[in-house]
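Step one of this worksheet: look at the structure below.
The values are calculated or read from the model by the stated rules, or taken from the named source; none is laboratory data. All values reported here derive from a predicted model rather than from experimental measurement. When we count neighbours, we look across all protein chains shown, and the Cβ atoms used for this are built from the backbone with ideal geometry, even at glycine. To get the accessible areas, we keep the full protein, side chains included, count just its heavy atoms, and leave off ligands, DNA and RNA. Shrake-Rupley method; radii C 1.70, N 1.55, O 1.52, S 1.80 Å.
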Amino acid sequence: MKAALFDLDGVVFNTEPQYTVFWGEQCREFHPEHPGLEHEIKGQTLVQIYDAWFAGPLAEKQQLITSRLNKFEKQMDYAYIAGFEDYIKDLRKQGIKTAVVTSSNQIKMEAVYQHHPEFKDLFDAILTSEDFERSKPDPDCYLKAAERFGVIPEDCVVFEDSFNGLKSGRAAGMRVVGLATTNPAERIRPLCDEVINDYINLIG
């Protein structure tokens, strides 16, 4: 491994349960006919959610929801997944390049930096939605990260939790480690080379 590439939500931070709360409120308001929709859209990008569920007559609500989401993300609790901080520091001691590769935008990342001033120092690169032409499950984002570091895909390991993210890493030709933080281990295992619950036992 020459580069470790991490998704953000559900991989670096334990934020997915909070997003379920947020989208649960939006779905009950705008899609009361579809109970539990917030669980179906887990791991999807904002564009994917809007295209599938807030197009047509509901397209005019996208701006309102985006505004609510930006406000929500500023107040979220950005708690690291257990063992993550020690693990990434260990990787860097070994000279392994580290990057965040996320579909989150710069507005969201500013909220992250406010909560964690040390965050940028944990990574050699932070790639956000503004850096990609195509969203996960397309491999574009992970291929761009490998290119940024000047390494081949086979020398990269992707850490992901969502189905789209896992498919993206696999399509990029990289080793994929799945975190069972958002979806059950048995559901993500077919898309992974390895499944973990957290980072506690990965050092050493």
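The table for this structure:
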{"quantity": "Count of residues meeting criterion [open to solvent by less than 20 Å² (accessible area, probe 1.4 Å) and either more than 22 Å from Glu110 (Cα to Cα) or of a type in the set (Lys, Arg) (or both)] in the stretch 125-138", "calculated": "1"}
{"quantity": "Subset of the stretch 148-181 (residues that are within 15 Å of Pro137 (Cβ to Cβ), touching a residue at least 60 places away in the same chain (Cβ under 8 Å) and not aromatic (Phe, Trp, Tyr))", "calculated": "Val158, Glu160, Asp161, Ser162, Asn164, Gly165, Gly169, Met174"}
{"quantity": "Residue match in the stretch 75-88 (condition: farther than 20 Å from Thr15 by Cα and over 15 Å from the mean Cα position of the chain (by Cα))", "calculated": "no"}
{"quantity": "Test: residue in the stretch 104-116 that is modelled with pLDDT of 95 or more and assigned to a loop (DSSP other than H, G, I, E, B)", "calculated": "yes"}
{"quantity": "Any helices (runs of 4 or more DSSP H) falling wholly within the stretch 1-74 and containing at least 2 residues that are touching a Pro at 6+ places or on another chain (Cβ under 7 Å), over 27 Å from Val101 (Cβ atoms) and of a type in the set (D, E, K, R)", "calculated": "none"}
{"quantity": "Single residue of Glu25, Glu73 found to be farther than 25 Å from Glu147 by Cβ, open to solvent by less than 20 Å² (accessible area, probe 1.4 Å), in contact with a helix residue (DSSP H, G or I) (Cβ under 9 Å, 6 or more places away or on another chain) and charged (D, E, K, R)", "calculated": "Glu73"}
{"quantity": "Residue that is surrounded by the most Cβ atoms within 10 Å (Cβ to Cβ), among those in the stretch 30-70 that are of a type in the set (D, E, K, R) and under 20 Å from Asn183 (Cα atoms)", "calculated": "Glu38"}
